[in-house]
1. Could you please put 165, 59 in sequence from largest to smallest accessible area, using a 1.4 Å probe?
2. Under 13 Å Cα to Cα from residue 213, which aspartates and glutamates show up? Leave out anything in the same chain fewer than 8 places away.
3. Using alpha carbons only, how many degrees (0 to 90, rounded to 10) separate the axis of helix 156-168 from the longest principal axis of the chain?
4. Across segment 53-135, what fraction of all alpha-carbon pairs, as a whole percent, falls in each successive 5 Å bin from zero upward?
5. Cα-based Rg (one decimal) and Dmax (whole number) for the chain, in Å?
6. Can you show me the helix-derived [θ] at 222 nm for the chain, built from DSSP H runs with n ≥ 4 at -39,500 (n - 2.57) apiece and divided by the number of residues, rounded to the nearest 500.
7. Rolling a 1.4 angstrom probe over the protein chains, ignoring ligands and nucleic acids, what is the accessible area of residue 79 in square angstrom, nearest 10?
8. Once the whole set of protein chains is in place, how much accessible area is left on residue 130, using a 1.4 Å probe, in Å² to the nearest 10?
Amino acid sequence: RAKRMGKGKACFFNPEMDADAQDRRKLETELREAVERDEIDLAYQPIFSARTGQITSAEALARWTHPDRGPIRPDIFISVAEECGLIDRLGEQLLRRACCAAQSWPDHVRVAVNLSPLQFHSGRLIETVRRAIDSSGIRANRLQLEVTEGLVIQDVDRTFQQLEELRALGIQVLIDDFGVGYSSLSCFQRFPFDKVKIDKSFVDEIATSRTAKAIVQAVVGLGSALGMGVVAEGIETEEQMRLLIEGGCTHLQGYLLSKPVSAHVFQQMLARPHNFGIKATRAA
Ligand code: C2E
Ligand code: MG
Ligand code: MG
Ligand code: MG
């Protein structure tokens, strides 16, 4: 029906919009079922020490393969989960799954889990995290939580208080996608993040833009002054990697080094350590 109306007929109650809304509701229902059946999986993307070239952690990234539509991008289904009140339940499942996976890795390898800002609203996050850690048997310091600046939009005091409580448990807290959106340096005054993840957009341009390079330099300077590690995400070329290592980033992540892989493949990578040429790049 929407097709027959043709494109470009923009009125408010447009049948295409109706079709979109129906599509969205269908996706919601299917996501709800997938969450109920615990079908949302995690891929693990290794993160490397810029100094030694060894794997120090993995970022857990949500994966949903829809029965008909195939893989759905996490930014899409996470925002569906946020909108339809599923995010706490899904977030808890993913935390448990990630901690459980980390349980079978060597003790020095951490797992980083992304949190939605909405997970700070219920007041039950600390308990959820604590239970995920306890039932997996990992030590709290093996878990890293990645948060974005979006989390301080609502009730700043309560949010920072929860971050403090998480940190008091021994968990590391990272600020993700730093430098885009409503980045504010004042968040460092409120909370001592363990690491900063420089947004991929700066990494993308580091070899071609003086500004991007200067921004990376500024974040590295901030990191070293405040005792925070600096992770560069989304590294795709040798040149980007070289500039980021020279620039003083402490950790490296990106398709150049490894794409996100299944839990099984990640374990195999841990069993056969290799430094992906990071050291060689450094010595060169
Ligand atoms: P993010 O947390 O910034 O995660 C990094 C994203 O960049 C991942 O995309 C990763 O696959 C991708 N990436 C890493 N290296 C490269 C590279 O070299 N090139 C390119 N083109 N991409 C690279 P992904 O898995 O599609 O996730 C997208 C976003 O969805 C994440 O961004 C995060 O905001 C959200 N997300 C994923 N999993 C979860 C989750 O379990 N919970 C929550 N709340 N959000 C999640
Ligand atoms: Mg992340
Ligand atoms: Mg990120
Ligand atoms: Mg990102």
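The values are calculated or read from the model by the stated rules, or taken from the named source; none is laboratory data. What you see is a predicted model; the values in this text were computed from it and never measured. In this analysis, Cβ positions are derived from the backbone assuming ideal geometry, glycine residues included, and neighbour counts consider all displayed protein chains. For accessibility, only protein heavy atoms count, side chains too; no ligands or nucleic acids. Shrake-Rupley method; radii C 1.70, N 1.55, O 1.52, S 1.80 Å.
1. On the way: 165 70, 59 10 Å².
Reading off the accessible areas and sorting them downward yields 165, 59.
2. Those aspartates and glutamates meeting the cut-off are 199, 204, 205, 239, 246.
3. 50 degrees
4. In whole percents, the pair-distance histogram is 3, 13, 22, 22, 18, 13, 7, 2, 0.
5. Rg and Dmax of the chain, Cα atoms, are 20.2, 63 Å.
6. Numbers: 12 runs with 131 residues, N = 284.
Estimated from H runs of four or more residues: -14000 deg cm²/dmol.
7. 40 Å²
8. Approximately 100 Å² for this residue.
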